[in-house]
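Working notes for the structure below.
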Amino acid sequence: MDPEMQKMREVVLVYLDRSGGLQKFVHDCKKYNDSKQSYAVYRFIISINPSDIAELDATLGNYVLHNPLQAAQIFQSVCFVAIKTLSLIEQLQTEAQISILLKPTHLPPLPSYVLSLSAYPFNYTSQRFYMSEGIVIAMGTVTKYTQGARFLCTEETCPFSEGFRCIRVHCPGATESATVRTDFVCSLCSSPLQEDMKFRVLGDKQIVEMIDAKILNALKGYSKDKSHFRIQAFTVFLRDELTNKMTIGNHYRIIGIPAIVQNGLQATACIEVNSVQLYKPNGPSFVSDNFRYLLSLTSSSCWRFTAVLANIFASQVVPPGTYNTLKLAILLSLVQTCEKEYADYLDLLVVTSDTLIIDRLLNYSLCLLPRGIRHPPSSEIFPSVSKDKHGTGSASIQSCSAVLAKGGICYIGDLSSYKKDKLELLQSMLESRTTTVFIPGKKYGEEADQQVTVSVQTNFWSFVDVDSSSKKHIQKENFLIGQMDVSLIPVNLVDGFGLLIYNEFPSCRLSSPVVHHILRRAINPEAMLYKVSQQFRTQDYEEFILFARNLHVELSSEAESLIQGYYLASRRVRRDSIHGSTLSASALKLLISLSKAHAKLSLRQTVLEEDAVIAVLLLESSLTLKHGTSALCVAPNPIFPFDLSDENSLQQRDIYLMQCHHQVLKFIAAYSPGIHINPNEE
């Protein structure tokens, strides 16, 4: 026996003993032994730490990292000796029956261990471990594959005609035909081999398509990054315990072995995955000095900081001081994004006749998030089903704009451009935050039909062109005071968006600053038109939003009472004898979401009563546009009644908002006196 090989086997035994792997191995053997059933293949998963192994023996560490298939054989021989020495599995006959799957805990943080299809060279021929990462864009259904099979020689006098000498086991990247087929011959006498079907061992297999996270930059529709790069999806095989460990739309880091799968004349690069880890990038731990200084200057009021933020926001697209209510709503929606399943969502529907300017503003804003997706008209908003392209004939669920925007914003453009069936699906998605994909069993080789529910964790942005709406639709005559005509869009869908914003400057009378901005930007697209654009750069806003959205905020009792009181009072006021209350049950969630967002935007971790006042005014303004004015009777633009030109105007705004606060308290006292309930109860 090779002395070096013997030394590595001894090191394997020492490592398994020290790491606790030997104890787990004995436990796994006990399960097989207790079953009293003979298997063609006994499969064992061994977790390995490459750093620890390299410290024990550099040669073995090199084998694990650069020749994992041969390293698995070394582990296999050690495990076989252990089983026979300790009598762990009575049914086991030969070493070939043991299948070892090595799972590295990590790989060295060096470029040579990172695999990317968007970078050359792509070394898919070396069967060693690589780390890769990407976003799941398609997932197949779980199917079966052959883990291992027993073959017998057809020549009766051959020693291989009995026992477990001819065992074929699945190797990374191998197709089904590489493990089981009818043309294998005996290595001893060259006679044909025949499979013993009752000993075939089956496992679960799932085919997943992943793509480099750089794809998100290409899907923003606009980006300051002008670099060109190549993006290609790659196939990932999940087997056995790893099936269903991935979710479509999520970002993962994987460790696996690359291979080429041949399907007829087509060759596909793939990765046989050994370990899967959900990737969660860390947000910034600070905001820029200019934002901190601005926060200290405006600390005398709970409303001033967010007012100035909205006033100067997106100065690259629109001049400071314009579209303030819309810009505040955008900022609130941006900081209220996360990948939690039961998050506080904040969707925006903008009613406008300035579609070009609003489109630019929304597109610029969504680029501030890592996952801001502008839905391209040629693709799908909702997941779809297609036949797997790897020859299995099974169904594959394809991703969509809404799923790729997970934890971010999905901007779907003009809502009136979509057909009725798409709008109905969108309404259902907004209500449940899920969408269901139907897979007909007969079409995809399954015995029964399947329904797969896909979670949609994103905020939706859209706009409605009021000029287009008036041309396509006969306007109603019985409008209430303050109500707008959005009858082109189904009422339930408008309610599903929650926040309805009407921008302040109709196209027929564009404000002078906006006209000057457009002309100057057309003459010199790269120019910094305002000093504030240099002080608060786009990158500063990106860092600020990522920091603010990660803040964990809690409702104070005062804010909770105000929200509950307003909600109950509005349900009593906004009702008719036929349909009951026009205020949907989701309005309470929207109020809480708006309040939390304003607290985050103010860089606070407690939701104050002042935050709740802003939430109430935004919602009341939205409800007025949808259903007309109520007894609360807020002004058309209650959040920014004055132009914010200096400190005096900020002081005037504070006084005005205090008056609004007292007005809300009177409204609650009149229509919801002394009623306090738990938010979840309603």
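Do you know which residues across region 627-648 are over 17 Å from TYR323 (Cα atoms) and either crowded, with 17+ Cβ neighbours inside 10 Å or hydroxyl-bearing (Ser, Thr, Tyr) (or both)? Listed by number, the residues that qualify are HIS627, THR629, SER630, LEU632, VAL634. For the structure I just gave you, tell me whether SER556 is at pLDDT below 95 and crowded, with 16+ Cβ neighbours inside 10 Å. Here the answer is yes, as SER556 does meet what is asked.
A single entry from LEU415, LEU368 fulfils the requirement of being within 29 Å of PRO319 (Cβ to Cβ), over 22 Å from the mean Cα position of the chain (by Cα) and in contact (Cβ under 8 Å) with a residue 60 or more places away in the chain: LEU415.
When TRP303 is tested against (1) touching an Asp or Glu at 6+ places or on another chain (Cβ under 9 Å); (2) without any contact (Cβ under 8 Å) to a residue 12 or more places away in the chain, just one condition goes unmet, and that condition is (2).
Looking only at residues in region 559-580 that are among the polar types (S, T, N, Q) and open to solvent by less than 30 Å² (accessible area, probe 1.4 Å), which one is nearest to the chain's Cα centre (by Cα)?
Here the answer is GLN564.
Counting only residues that are over 15 Å from ALA40 (Cβ atoms), open to solvent by 30 Å² or more (accessible area, probe 1.4 Å) and not charged (D, E, K, R), region 147-160 holds 3 of them.
Per-residue answers, yes or no, for (1) within 21 Å of PHE129 (Cα to Cα); (2) aliphatic (A, V, I, L, M); (3) assigned by the TED database to the domain that holds ILE254:
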site	(1), (2), (3)
ARG43	yes, no, no
GLU55	yes, no, no
PRO68	yes, no, no
ALA71	yes, yes, no
ILE74	yes, yes, no
ILE83	no, yes, no
SER87	no, no, no
GLN93	no, no, no
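Each residue in region 377-413 was checked for being surrounded by 22 or more Cβ atoms within 10 Å (Cβ to Cβ), touching a Leu at 6+ places or on another chain (Cβ under 6 Å) and hydrophobic (A, V, I, L, M, F, W, C), and 1 pass. Evaluate the following for LYS144: is it basic (Lys, Arg), out of contact with any Ser or Thr (no Cβ under 8 Å at 6 or more places or on another chain), part of a helix (DSSP H, G or I) and open to solvent by 60 Å² or more (accessible area, probe 1.4 Å)? In short, no.
Out of ALA669, ALA599, I need the residue that is assigned to a helix (DSSP H, G or I) and modelled with pLDDT of 95 or more. Which one? Unique residue meeting the criteria: ALA599. Against the numbered list (1) over 30 Å from ILE381 (Cα atoms); (2) at pLDDT 90 or above; (3) of a type in the set (Val, Ile, Thr), THR175 comes up short only at (2). Filtering region 423-466 to residues that are farther than 15 Å from THR143 by Cα, without any contact (Cβ under 8 Å) to a residue 40 or more places away in the chain and open to solvent by less than 50 Å² (accessible area, probe 1.4 Å) leaves THR434, PRO440.
Go through region 346-357 and give me each residue that's part of a helix (DSSP H, G or I) and farther than 15 Å from VAL514 by Cα.
Hits for region 346-357: nothing passes.
Close Cβ contacts (under 6 Å, 6 or more residues apart or on different chains) running from residues in region 606-622 that are over 17 Å from LEU331 (Cβ atoms) and touching a residue at least 12 places away in the same chain (Cβ under 8 Å) to residues that are of a type in the set (Asp, Glu) and part of a helix (DSSP H, G or I) comprise GLU609/GLU558. Test GLN663 against the stated conditions and say whether it is in a helix (DSSP H, G or I), modelled with pLDDT of 90 or more and more than 23 Å from LEU499 (Cα to Cα). Judged against the criteria, GLN663 is not a match. Set side by side, the residues ARG374, ARG360 differ, and just one is within 30 Å of VAL514 (Cα to Cα), buried (at least 21 other Cβ atoms within 10 Å of the Cβ), of a type in the set (Lys, Arg) and not assigned by the TED database to the domain that holds ASN250, which is ARG374.
Looking only at residues of region 609-645 that are charged (D, E, K, R) and modelled with pLDDT of 85 or more, we find that the one that is nearest to the chain's Cα centre (by Cα) is ASP611. Can you confirm whether region 327-343 contains a residue that is in contact (Cβ under 8 Å) with a residue 60 or more places away in the chain, surrounded by 19 or more Cβ atoms within 10 Å (Cβ to Cβ) and among the hydroxyl-bearing types (Ser, Thr, Tyr)? The answer is yes, given that some residue of region 327-343 is in contact (Cβ under 8 Å) with a residue 60 or more places away in the chain, surrounded by 19 or more Cβ atoms within 10 Å (Cβ to Cβ) and among the hydroxyl-bearing types (Ser, Thr, Tyr).
In summary, ARG604 fulfils each of the numbered conditions (1) in a helix (DSSP H, G or I); (2) open to solvent by 20 Å² or more (accessible area, probe 1.4 Å); (3) out of contact with any helix residue (DSSP H, G or I) (no Cβ under 6 Å at 6 or more places or on another chain) with the single exception of condition (1).
The values are calculated or read from the model by the stated rules, or taken from the named source; none is laboratory data. This structure is a prediction, so every number in the text was calculated from the model and none was measured. Methodologically, a virtual Cβ is constructed for each residue, glycine included, from the backbone with ideal geometry; neighbour enumeration extends over all protein chains shown. Protein only, heavy atoms only, side chains kept; ligands, DNA and RNA dropped before computing areas. Shrake-Rupley method; radii C 1.70, N 1.55, O 1.52, S 1.80 Å.
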